[in-house]
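Only the coordinates and a few stated rules stand behind these numbers; no lab work does. Note that this is a predicted model, so its numbers are computed, not measured. No Cβ is skipped: glycine too gets one built from the backbone with ideal geometry, and neighbour counts run over all protein chains shown.
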Amino acid sequence: MSLKVIPFYHDASNTLSYILFCEHTKEAAIIDSVADYDALSAAVTYSSANILLAYIEKHQLNLRWLIETHVHADHLSACSYLRSKTNAKSVVSEHIVEVQTTLKPMYGLDLATDGSQFDVHVKDGEYLPLGEYQIKVIATPGHTPDGISLYCEGNVFIGDTLFMPDSGSARCDFPNGSAQQLYDSITRLLALPEQTKVWVCHDYQPNGRALDFHSTIAEQKEANVHLQQTPSGFVEQRLQRDAMLSKPRLMDVAVPFNLQGALVI
Ligand SMILES: [Fe+2]
């Protein structure tokens, strides 16, 4: 009996969602679920989330947590949909409040900015029980102020901090993002034991390579293309790169949707 990690890939947004569960007690968590969105019809559907639900049902898991590593700008979350179909609680960083407060006026939203759309607000160092295990929350801001990573039994789910070693790190140009803060967050992750399995939130498969989504802390240290330099070099490179990036295609749909707790439409 052990902790199981099951990845699911959402091709349209290059996002990895994960189900993790305690084999003994069958308690499960989903990290970063994705809703399907058709830009032409503006329809939100949930066939990808239903694949997660089917896995939960097939393996008779007790879904306890729906964790968002941050407010995503590139895809719509299926968190509320899954919450409506199960007894699971939604979990976000305590810094959701800051993100909502900053973005509410930018998007002209009628939005409570107290994070009340989500069940549980977590802090750095807090634990979420999962059967015989504990999921430790590691605050990893930089990409967004509410970024969290989740450590459990030799696995770390790093949200948008690092990508696979050939793909570097996440952008820091969203409101209140910070390249220096991201560097500090990455430094915290790299202090985990070298053999820790690192699971990414996105994989864009550069240069036509096959999909890949896990590495180790040792591999990230040795080979991540954005880490082979000084801290100030990282920040400078990150700022230069961010200045050239275009806005995520679904940002203006995804951000308001996700800020409101991924409302079921
Ligand atoms: Fe992101």
Quick one, what does Rg over Rh come out to for segment 111-257 if you take C-alpha atoms and the Kirkwood Rh? 0.97
Based on the Cβ-Cβ distance of Val120 and Thr25, what FRET efficiency does E = 1/(1 + (r/R0)^6) give at R0 = 22 Å, to the nearest 0.05? 0.70
Where in the chain are the DSSP H helices whose alpha-carbon span along the long axis reaches 15 Å or more and whose Kyte-Doolittle mean is at least 0.5? 47-58
For Met251, Met1, which order do you get if you count the other beta carbons within 10 Å of each Cβ and list the fewest first? Met1, Met251
Tell me which trypsin sites (Lys or Arg not before Pro) from segment 39-138 have a DSSP coil assignment and no more than 12 other beta carbons within 10 Å of their own. Lys123
Distance (nanometres) between label positions extended 7 Å along Cα→Cβ at Arg209 and Asp110: 4.8 nm
Output for segment 1-88 (equivalent-ellipsoid semi-axes, sqrt of 5λ from the C-alpha gyration tensor, Å, descending) is 24, 13, 11
Would you mind classifying segment 29-182 by shape? Square roots of the alpha carbon gyration tensor eigenvalues, ordered a ≥ b ≥ c; an a/c under 1.5 is rounded, otherwise it is prolate if a/b is larger than b/c and oblate if not. rounded
Ranked by Cβ crowding within 10 angstrom, fewest neighbours first, how are Ser2, Ser41, Ser17, Ser149 ordered? Ser41, Ser2, Ser17, Ser149
For the chain, set up a GNM with springs between Cα atoms under 10 Å and report which of Asp38, Asp160, Asp173 has the largest fluctuation. Asp38
In nm², the average projected area of the convex hull spanned by the Cα atoms of the chain is 13.5 nm²
Residue among Lys197, Lys247, Lys26 with the largest mean-square fluctuation in a Gaussian network model of the chain, springs linking Cα atoms under 10 Å: Lys247
Add -39500 (n - 2.57) for each DSSP H run of 4 or more in the chain, then divide by its residues: what number comes out at 222 nm, to the nearest 500 deg cm²/dmol? -8000 deg cm²/dmol
Percent relative contact order of segment 3-259, based on C-alpha pairs within less than 8 angstrom and at least six residues apart? 17 percent
Order these by the 10 Å Cβ neighbour count, fewest first: His59, His214. His59, His214
